[in-house]
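Notes for the one structure printed next.
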């Protein structure tokens, strides 16, 4: 029995070493990926998201998850048409909506859905799209959205690493300078 015990002890040691290595390398990779994004797009000021394990899931297993990312930008650098759909009042908001730059860009993009909203008679869309001219996104806007989506997608593929590095039940604010973690009160 002693021999098997040594094998398990060795396995436990290897797992712990790998966990330390993954956390360390994950921190570097995460920091570099976000720094690269902010350096490529100076208009971007922060990316905010929540991540947590729900306390209740209708009888299903409660699993840790990383929620949708919010891209925040310097409103002074926005074109007037995008400003109409971007609210910078709640910069630390992590509920996808008007304080998300990707939402604003998607709202002005010349798409069939937006053309329908532009012609809509319902009061919310009528007021929202009053005076708006839909347009194609610029190459820089498209590139920024694609890179933002890729960054978010990559992070969603490694939730265990984000939990290990950044924590559970938190709101994460990524900036050029690094990460700010605050408690997330949910459910």
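Hey, residue 42 hits all of (1) buried (at least 17 other Cβ atoms within 10 Å of the Cβ); (2) touching a helix residue (DSSP H, G or I) at 6+ places or on another chain (Cβ under 9 Å) but one; which does it fall short on?
(1)
Could you list, in sequence order, all residues of the range 110-151 that are surrounded by 16 or more Cβ atoms within 10 Å (Cβ to Cβ) and out of contact with any helix residue (DSSP H, G or I) (no Cβ under 9 Å at 6 or more places or on another chain)?
Within the range 110-151, no residue meets the criteria.
Can you say whether residue 27 is surrounded by 13 or more Cβ atoms within 10 Å (Cβ to Cβ), touching a strand residue (DSSP E or B) at 6+ places or on another chain (Cβ under 6 Å), at pLDDT 90 or above and farther than 15 Å from residue 147 by Cα, as far as the supplied structure shows? It would help to see each step written out before you state the result.
Details: surrounded by 13 or more Cβ atoms within 10 Å (Cβ to Cβ): yes; touching a strand residue (DSSP E or B) at 6+ places or on another chain (Cβ under 6 Å): no; at pLDDT 90 or above: yes; farther than 15 Å from residue 147 by Cα: yes.
Considered against the rule, which asks whether it is surrounded by 13 or more Cβ atoms within 10 Å (Cβ to Cβ), touching a strand residue (DSSP E or B) at 6+ places or on another chain (Cβ under 6 Å), at pLDDT 90 or above and farther than 15 Å from residue 147 by Cα, residue 27 comes out as no.
Can you pull out the helices (runs of 4 or more DSSP H) entirely within the range 120-172 that have at least 3 residues that are closer than 20 Å to residue 81 by Cβ and at pLDDT below 90?
Details: elements: 123-128, 139-156, 159-166.
It comes to 123-128.
If I ask for residues that are touching a helix residue (DSSP H, G or I) at 6+ places or on another chain (Cβ under 7 Å), without any contact (Cβ under 8 Å) to a residue 60 or more places away in the chain and in a loop (DSSP other than H, G, I, E, B), which ones from the range 62-86 would you list? Can you show your working first?
Our first condition is that a residue be touching a helix residue (DSSP H, G or I) at 6+ places or on another chain (Cβ under 7 Å); within the range 62-86, this holds for 64-66, 69, 71-73, 75, 81-83, 85-86.
Now drop any that are not without any contact (Cβ under 8 Å) to a residue 60 or more places away in the chain, which leaves 72-73, 75, 81-83, 85-86.
85, 86 - these are the residues of the range 62-86 that are touching a helix residue (DSSP H, G or I) at 6+ places or on another chain (Cβ under 7 Å), without any contact (Cβ under 8 Å) to a residue 60 or more places away in the chain and in a loop (DSSP other than H, G, I, E, B).
The values are calculated or read from the model by the stated rules, or taken from the named source; none is laboratory data. On a predicted model such as this, the values are computed, not experimentally measured, just so you know. Reconstructed Cβ throughout: ideal geometry from the backbone, glycine too, with neighbour counts over all protein chains shown.
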